[in-house]
Amino acid sequence: MDSLYIVVPAYNESENIEALVNDWYPIIESHDGVGESRLVIVNDGSRDDTYEKLLELAKTRPLLTPLTKPNGGHGPTLIYGYKYAIDKGADYIFQTDSDRQTLPSEFESFWKRRKKYDAVIGKRIKREDGRNRAFVEKTLCFILRMIFRVALPDANAPYRLMKRELLNKYIVRFEDDYNLPNVMLTTFFAAYHENFVFLPITFRPRQGGKNSINVKKIVAIGMKAVGDFWRFKAEIDRDRMTKLPV
């Protein structure tokens, strides 16, 4: 049976964390035939008792693995969790966020496509977390189209299932502190014509707690990322010109 690691970054989610575990733990249980699947929640240096609650919850949930690290932001925490899952030999790695905006009930439609595609990525048709964030995502996709010549309906959706081999192929291109790994993973998949597909997902408002990042911070991260985008574009162009395997 294929092993599954669900990777979730968490920061100051004391109010949400038990409900999050209750949401996703049944999913990991139902896909664990040989005791090798895990729900991995990576605490990003929370200032509240998120990690302590995770340790308590793990006492009665053997497939829950709480990890903790110094605060570094959402992107570096994703990279940390992805590398952990790869190192542990997960066959498939699924990522979602800790604010409970996504639905576990939509996971099976992704899982059923794992043999046909190397990655299945969520597409937020309707965002219920505000017009500002929807505008930022549309702007981001426009920038990616201008720089990389890729048409993406959603670059950064926190709902994605990936084969370990595909993720490992591209994650080596990121420094550990890179802020937008999901954005660039989606872009790489498109630019290199990987075998992946988008599926529509529900995207609710945050279900509890407080956002640790606002639109102003998102825009600042995006502006900083443009330089990285051009660097990655140069790498892609170089690969295309030399026809080197990636």
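The values are calculated or read from the model by the stated rules, or taken from the named source; none is laboratory data. Everything numeric in this text was worked out from a predicted model, so none of it was measured. FYI the Cβ positions are ideal-geometry reconstructions off the backbone, even for glycines, and counts take in every protein chain you see. For accessibility, only protein heavy atoms count, side chains too; no ligands or nucleic acids. Shrake-Rupley method; radii C 1.70, N 1.55, O 1.52, S 1.80 Å.
May I ask you to verify whether residue 54 is part of a helix (DSSP H, G or I), surrounded by 15 or more Cβ atoms within 10 Å (Cβ to Cβ), touching a Pro at 6+ places or on another chain (Cβ under 6 Å) and at pLDDT 95 or above? Don't jump to the end; show me each part of the working.
Values: part of a helix (DSSP H, G or I): yes; surrounded by 15 or more Cβ atoms within 10 Å (Cβ to Cβ): yes; touching a Pro at 6+ places or on another chain (Cβ under 6 Å): yes; at pLDDT 95 or above: yes.
Yes; evaluated as a whole, the condition is true for this residue.
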Checked pairs for the stretch 104-127, first open to solvent by 40 Å² or more (accessible area, probe 1.4 Å), second in a helix (DSSP H, G or I) and not hydrophobic (A, V, I, L, M, F, W, C), C-beta under 7 Å and 6 or more apart or across chains, list as 127/133
Filtering the stretch 106-122 for residues that are in a helix (DSSP H, G or I) and more than 16 Å from the chain's Cα centre (by Cα) leaves a count of 2
Taking the stretch 110-136 and keeping only residues that are under 12 Å from residue 197 (Cα atoms) and of a type in the set (Gly, Ala, Ser), one is left with 119, 122
Any chance the stretch 139-156 includes a residue that's of a type in the set (Asp, Glu) and over 17 Å from the mean Cα position of the chain (by Cα)? no
Open item on the list: Being surrounded by fewer than 19 Cβ atoms within 10 Å (Cβ to Cβ), in contact (Cβ under 8 Å) with a residue 40 or more places away in the chain, in contact with a helix residue (DSSP H, G or I) (Cβ under 8 Å, 6 or more places away or on another chain) and under 20 Å from residue 239 (Cα atoms) is the requirement here; does residue 171 meet it?
Closed with: no
Just one listed residue, out of 139, 77, is in a helix (DSSP H, G or I), buried (at least 19 other Cβ atoms within 10 Å of the Cβ) and among the β-branched types (Val, Ile, Thr), and it is 77
Flagged in the stretch 7-34 as more than 16 Å from residue 101 (Cα to Cα) and either free of Cβ contacts under 8 Å to residues at least 12 places away in the same chain or assigned to a strand (DSSP E or B) (or both), in numbering order, are 30
If we keep only residues of the stretch 142-168 that are in a helix (DSSP H, G or I) and aromatic (Phe, Trp, Tyr), then the residue least open to solvent (accessible area, probe 1.4 Å) is 148
Conditions (1) farther than 21 Å from residue 114 by Cβ; (2) modelled with pLDDT of 95 or more -> residue 26 fails only (1)
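Out of the stretch 182-212, which residues are among the hydrophobic types (A, V, I, L, M, F, W, C) and at pLDDT 95 or above? It would help to see each step written out before you state the result.
Here is the first cut: in the stretch 182-212, the ones among the hydrophobic types (A, V, I, L, M, F, W, C) are 183-185, 188-191, 196-199, 201, 203.
183, 184, 185, 188, 189, 190, 191, 196, 197, 198, 199, 201 - these are the residues of the stretch 182-212 that are among the hydrophobic types (A, V, I, L, M, F, W, C) and at pLDDT 95 or above.
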Assess whether residue 232 counts as being closer than 30 Å to residue 3 by Cα and at pLDDT 95 or above.
no
When you scan the stretch 9-20, do you find a residue that is over 14 Å from the mean Cα position of the chain (by Cα), among the aliphatic types (A, V, I, L, M) and surrounded by 21 or more Cβ atoms within 10 Å (Cβ to Cβ), even just one? yes
### Query
Restricting attention to the stretch 86-98, does a residue exist that is over 19 Å from residue 163 (Cα atoms), surrounded by 18 or more Cβ atoms within 10 Å (Cβ to Cβ) and touching a strand residue (DSSP E or B) at 6+ places or on another chain (Cβ under 9 Å)?
yes
query: Would it be correct to say that residue 102 is in a helix (DSSP H, G or I) and polar (S, T, N, Q)?
result: no
Of (1) closer than 17 Å to residue 75 by Cβ; (2) modelled with pLDDT of 95 or more; (3) not in a helix (DSSP H, G or I), residue 179 satisfies every one except (2)
